[in-house]
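Participant: Here it is, the structure in full.
The values are calculated or read from the model by the stated rules, or taken from the named source; none is laboratory data. In this text the structure is predicted, and so the values were computed from the model without any measurement. Using ideal geometry, Cβ is built from the backbone for each residue, glycine included, and neighbour counts are taken over all protein chains shown. Just so you know, the surface numbers come from the protein's heavy atoms only, side chains and all, with ligands and any DNA or RNA stripped out. Shrake-Rupley method; radii C 1.70, N 1.55, O 1.52, S 1.80 Å.
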Amino acid sequence: KLAPSRSAMSARVSKLVARADAGFSLIQTIAVCAFMAIVLGMSVGFYPQAVQIVRGDADVRIVYWELKLARDQAITQRRSIQVVFTAPNRITTVRQNLPAGTTVLSNAVLEHNMRFMLFAGQPDTPDAFGRNGATDFGGAAPVVFTPDGMLTDVNGNPVNGTVFLGQPGKPITSRALTVFGPTATIRTYRWNGGQWRR
């Protein structure tokens, strides 16, 4: 059998190139558009809830870092650092100077309309430090981080506490932060609609 001529091979290649350049069929294009519409519909329905979750996480981090700053400054500067929670959404850290006086180290404000608040029907966190108010430190106000790494009341007694926050009317944004007084260990929690999760 003879090999095909050069012109016959060229004709075959031209046919293959013409098929490759033909593009997508109408059915393929409609299927891709339908798939994209389904994915877009799912993402649009989830987007508002995802934004609320991200905002709740961002604001609990503000509280976490303010408390961590206060604890770290108390240890490194060998000074007591007060933390004051002011409704609806302000945290102030104040260093107690020696021999007298104070210095404001930091003022932080929660963002995204978040505030210190409790949602009806939600239980206390697994640490069970209290839920008598949005910022519950057993009645101690302000609370103080000491140079030896404890969280105490103004008289030096160790206190445990919880800070609850969220956006009004949006329980999915509910967050909590607990502090264990003797070691000043800080934990954060997120409400998932049925329970607190770390």
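Participant: Which translational diffusion coefficient, to the nearest whole µm²/s, is obtained for segment 85-198 from the Stokes-Einstein equation, given a Kirkwood hydrodynamic radius over C-alpha pairs, 4 °C and 1.567 mPa s?
Facilitator: D, rounded to a whole number, is 87 µm²/s.
Participant: With every protein chain left in place, what is the accessible area per residue of the chain in square angstrom, probe 1.4 Å?
Facilitator: The answer is 60 Å² per residue.
Participant: Give the separation of the Cα centroids, segment 59-124 to segment 127-179, in Å.
Facilitator: Centre-to-centre (Cα) distance: 10 Å.
Participant: Right, another one. Helix 26-77 against the longest principal axis of the chain: what's the angle in degrees, Cα atoms only, rounded to the nearest 10?
Facilitator: The two axes meet at around 20 degrees.
Participant: A follow-up question, please. Extension gain Asp57-Gln28, at 0.36 nm per residue separation less the Cα-Cα distance, in nm?
Facilitator: Values: separation 29, 0.36 × 29 = 10.44 nm, distance 4.16 nm.
Net length gain for the segment: 6.3 nm.
Participant: With everything on Cα atoms, drop me the angle between helix 6-20 and the longest principal axis of the chain, reported from 0 to 90° to the nearest 10.
Facilitator: Roughly 40 degrees between the two axes.
Participant: What net charge is computed for the residues neighbouring Asn160, neighbours being all others with C-beta under 15 Å from the C-beta of Asn160, Lys and Arg scored +1, Asp and Glu -1?
Facilitator: -1
Participant: Next question. Using the charge dipole of the chain (Lys, Arg: +1 at Cβ; Asp, Glu: -1 at Cβ; taken about the Cα centre), state which of Gly193, Gly166, Val144 has its Cα farthest towards the positive end.
Facilitator: Gly193
Participant: Remind me, relative contact order of the chain in percent, using alpha carbon pairs under 8 angstrom and six or more residues apart?
Facilitator: Working: 329 pairs, mean separation 34.5, N = 198.
Relative CO of the chain lands at 17 percent.
Participant: Another one. Suppose we keep just the alpha-carbon trace of the chain; what are its Rg and Dmax in angstrom?
Facilitator: That works out to 29.9, 108 Å for Rg and Dmax.
Participant: Along segment 152-165, what does the Karplus equation 6.51 cos²θ - 1.76 cosθ + 1.60 (θ = phi - 60°) give for ³J(HN,Hα), rounded to whole Hz, x for Gly and Pro?
Facilitator: Rounded to whole hertz, the list is 9, 7, 5, 8, x, 8, x, 10, 9, x, 9, 10, 10, 8.
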